[in-house]
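*Asks:* My questions all concern the structure below.
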Amino acid sequence: MALGDLRGVIALDGPSGTGKSTVARRLASTLRSGYLDTGAMYRAVTLEVLRTGGDPAEVARTARVEIGTDPVDPTVMLDGADVAAEIRGPEVTLAVSEVSAVAEVRRILVEQQRAIIASIVNTQGGIVVEGRDIGTVVAPDAELKVYLTASADARAQRRTRQDAAAGRTATVEATLADVQRRDDYDSSRAVSPLRKADDAVELDTTELDLPGVLTSLLAIVDSRGLRTGQAVSP
């Protein structure tokens, strides 16, 4: 695969509803880099746990989860079947935080995520990785770490619009309660809690639309000299 325009790893962290997935894909497409949605991996394992009733750690060890790294078509396969839509359903959304909090599940998936990142950097030169512990755990040496934030109300409204667009029924009130529940769970878990890395750039997206967030991120990328052929500022 041809080299893209990004050098190294961009880690995008933050709570649900900040626009991580959409902007991460758009950023990766703009930079012609790889893309990895680590949350999709946890969701795929969670789906298999719900299907089988199996132990989460054992499921993480045995389930065949394949994540596409093309930002234009980020496929999610579970044991050979496309589950990209199913992992976004309400049942998985309610259960994913609990499954993700299992230490052995995180150990197994972080190992897989690091292998994917290394492979893409070697073949394409760079990758945009999104999740909740990328800058703190998965890729602590990332060339750029960004922590996206937004008000809970703004995040609930975005999630509700996304669900409606995907044909999933939701209300802003119910989504807000779920956003707050996940914030509390993810921030207080003992293993790899959601938090901003000490050296991450914080970007509040409450008042920004997608083009505004993308423009801000590209400015940060360029300030770090991370595009191929770009001189690093002294």
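The values are calculated or read from the model by the stated rules, or taken from the named source; none is laboratory data. These numbers come from a predicted model, not from an experiment. Here the Cβ positions follow ideal geometry from the backbone for every residue, glycine too, while neighbour counts run over all protein chains shown. In case anyone asks, the SASA skips ligands and DNA or RNA and just uses the protein heavy atoms, side chains included. Shrake-Rupley method; radii C 1.70, N 1.55, O 1.52, S 1.80 Å.
*Asks:* Being open to solvent by 50 Å² or more (accessible area, probe 1.4 Å), of a type in the set (D, E, K, R) and more than 11 Å from residue 127 (Cβ to Cβ) is the filter here, so list the residues in region 1-28 that pass it.
*Replies:* 25, 26
*Asks:* Tell me yes or no: at least one residue of region 223-234 is over 25 Å from residue 99 (Cβ atoms) and either touching a Pro at 6+ places or on another chain (Cβ under 6 Å) or among the basic types (Lys, Arg) (or both).
*Replies:* Yes, region 223-234 has at least one match.
*Asks:* For residue 188, all conditions in the list (1) of a type in the set (S, T, N, Q); (2) touching a strand residue (DSSP E or B) at 6+ places or on another chain (Cβ under 7 Å); (3) open to solvent by 80 Å² or more (accessible area, probe 1.4 Å) hold save one; what is the number of the exception?
*Replies:* Here residue 188 meets the rest and fails (2).
*Asks:* When the residues of region 125-152 are narrowed to those that are open to solvent by 10 Å² or more (accessible area, probe 1.4 Å) and of a type in the set (D, E, K, R), which ends up nearest to the chain's Cα centre (by Cα)?
*Replies:* This residue is 132.
*Asks:* Quick one: which helices (runs of 4 or more DSSP H) lie wholly within region 102-212 and hold at least 1 residues that are at pLDDT below 85 and of a type in the set (Asp, Glu)?
*Replies:* 152-165, 172-188
*Asks:* Which residues, counting only those in region 56-83, are of a type outside the set (Val, Ile, Thr), surrounded by fewer than 17 Cβ atoms within 10 Å (Cβ to Cβ) and either within 17 Å of the chain's Cα centre (by Cα) or not in a helix (DSSP H, G or I) (or both)?
*Replies:* Answer for region 56-83, where residues must be of a type outside the set (Val, Ile, Thr), surrounded by fewer than 17 Cβ atoms within 10 Å (Cβ to Cβ) and either within 17 Å of the chain's Cα centre (by Cα) or not in a helix (DSSP H, G or I) (or both): 64, 66, 70, 73, 77, 79, 80, 81, 82.
*Asks:* For a quick check of your reading of the model, give me the residue pairs whose first member lies in region 106-123 and is of a type in the set (D, E, K, R), whose second is assigned to a helix (DSSP H, G or I), with beta-carbon atoms closer than 7 Å and at least 6 apart or on different chains.
*Replies:* So the pair list comes out as 106/100; 114/138.
*Asks:* Give me the pairs, please: first residue somewhere in region 35-55 and in contact (Cβ under 8 Å) with a residue 24 or more places away in the chain and buried (at least 24 other Cβ atoms within 10 Å of the Cβ), second residue anywhere and in a loop (DSSP other than H, G, I, E, B) and among the hydroxyl-bearing types (Ser, Thr, Tyr), beta-carbon distance under 6 Å, and either six or more positions apart or on two chains.
*Replies:* Between residues of region 35-55 that are in contact (Cβ under 8 Å) with a residue 24 or more places away in the chain and buried (at least 24 other Cβ atoms within 10 Å of the Cβ) and residues that are in a loop (DSSP other than H, G, I, E, B) and among the hydroxyl-bearing types (Ser, Thr, Tyr), the close pairs are 35/69; 36/69.
*Asks:* While we're on this one: Can you tell me which condition residue 168 does not meet? The list is (1) over 18 Å from the mean Cα position of the chain (by Cα); (2) closer than 30 Å to residue 222 by Cα; (3) open to solvent by 30 Å² or more (accessible area, probe 1.4 Å); (4) of a type outside the set (Val, Ile, Thr), and all the others hold.
*Replies:* Going through (1) over 18 Å from the mean Cα position of the chain (by Cα); (2) closer than 30 Å to residue 222 by Cα; (3) open to solvent by 30 Å² or more (accessible area, probe 1.4 Å); (4) of a type outside the set (Val, Ile, Thr) one by one, residue 168 breaks only (2).
*Asks:* For residue 89, only one of the following conditions fails: (1) closer than 19 Å to residue 65 by Cα; (2) modelled with pLDDT of 95 or more; (3) not hydroxyl-bearing (Ser, Thr, Tyr). What is its number?
*Replies:* Unmet for residue 89, out of (1) closer than 19 Å to residue 65 by Cα; (2) modelled with pLDDT of 95 or more; (3) not hydroxyl-bearing (Ser, Thr, Tyr): (2).
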